[in-house]
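Comments concern the structure below.
The values are calculated or read from the model by the stated rules, or taken from the named source; none is laboratory data. These numbers were taken from a predicted model, which means no experiment stands behind them. We place every Cβ from the backbone using ideal geometry, glycine too, and count neighbours over all the protein chains shown. The area values use the complete protein model at the heavy-atom level, side chains included, leaving out ligands, DNA and RNA. Shrake-Rupley method; radii C 1.70, N 1.55, O 1.52, S 1.80 Å.
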Amino acid sequence: MPKKAEAKTGSSKKEVVKKTTTVKKDVKAEKKETKKTADKEVSKKNIKANPVEKTVDQNSNSSNLKFESSSYKEKVAEIENNILQKIKENPGITGKAFRKLVSVNKLMETGAHIGLTSRRWNPKMKKYIYTKKGSNHIIDLLHTVISLNVAYNFLVDLVKANEFESSPVLIVGTKGKTIKNHVKEQAKRARCFYINERWLGGTLTNFSTITKSVSKFNNLILLHKTGDIEKYTKKEQVELKKETERYAKFFSGIRTMKELPKAIVLTDPETNKIAIKEAKKLGIPVIAICNTNANPDLVDYVIPANNYSIKSVYLLIGLLCDAIAEGRGLPKLFAEKKDEEIILPEVIKKKPENRKIS
């Protein structure tokens, strides 16, 4: 058989196969269309028979939203009432008379009750966990409210007992620019010491060496303030400015600290384990915001709460600084205020770190 004839027969076979496949596709499409039309007709009949169902379906989204918002408020009120009832039943649970420093609604608004994922939890935090929702643990706000009260009262008493000292409290927050700035602002407001950069090993245990560095930093500040820096050459002036900036980064918050602090407040005990170890060696009590991944055995005053939420840390550090302010007789910003008076911005502006000489 010649090659041309073979090619013709091959092409004709291909054409036949193509035609059969297209016919099959058309049949399938027709079947789908008939099914769709049948379903539409059935749904129309059902709507005519039950016109109420149509209106319910149309308004389901809006009604659900309204229900969710109202049920959330009711749920928060119920949680708060339960917590207050438990505290009333056990009046000695907070050590002193219970003070409602902040509402449960405000704590939940900041996400203070939301813990980390269950795979990151520390089993020692079990007693502070209420339940598990999805992959995250939920912190029991009863413990948060009680421990916050205990830590607050401790700080008030400590500051009052050491009223003639410059400040007996050191606040440490070294995670994230926003937290760093907030720690600095709140510490200045309460007139206490702070560290918002990397914790230098030996800050407490090797305090004599740290004080030497701090005094050198203070001498450099004097050089700038008095204008004696002009006596040096331009090259030396540049080097001295760089050195001053480097010292300012680590020692700005403790440059007037002449003695070891009587207590330390930490925003995250996991990022500042060295600080806790040093405090433990010297017998300095530690107050810390502990998430579900923390080891509570290392902390003297555990405040179980979400320390990954900027709003949560913003509120809790503000409350603890209010305790220091109260001990000094200064005005408070957060403690015992109404929810409307506590302003927590949606996005806290990240201010550039001020490393100028202060």
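Tabulated values for the structure
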| quantity | calculated |
| --- | --- |
| Solvent-accessible area per residue, Å², over the range 179-301 with all protein chains present [probe radius 1.4 Å] | 50 |
| Hydrodynamic radius by Kirkwood, which averages 1/r over all alpha carbon pairs of the range 207-278, in angstrom | 14.1 |
| Heavy atoms of residue 228: accessible area, 1.4 Å probe, square angstrom to 10 | 60 |
| Cα gyration tensor of the range 210-358 - equivalent ellipsoid semi-axes, whole Å, descending | 34, 21, 16 |
| Alpha carbon centroid spacing (whole Å) that separates the range 105-176 from the range 251-271 | 18 |
| At R0 = 45 Å, FRET efficiency that the Cβ-Cβ distance of residue 230 and residue 165 yields, to 0.05 | 0.75 |
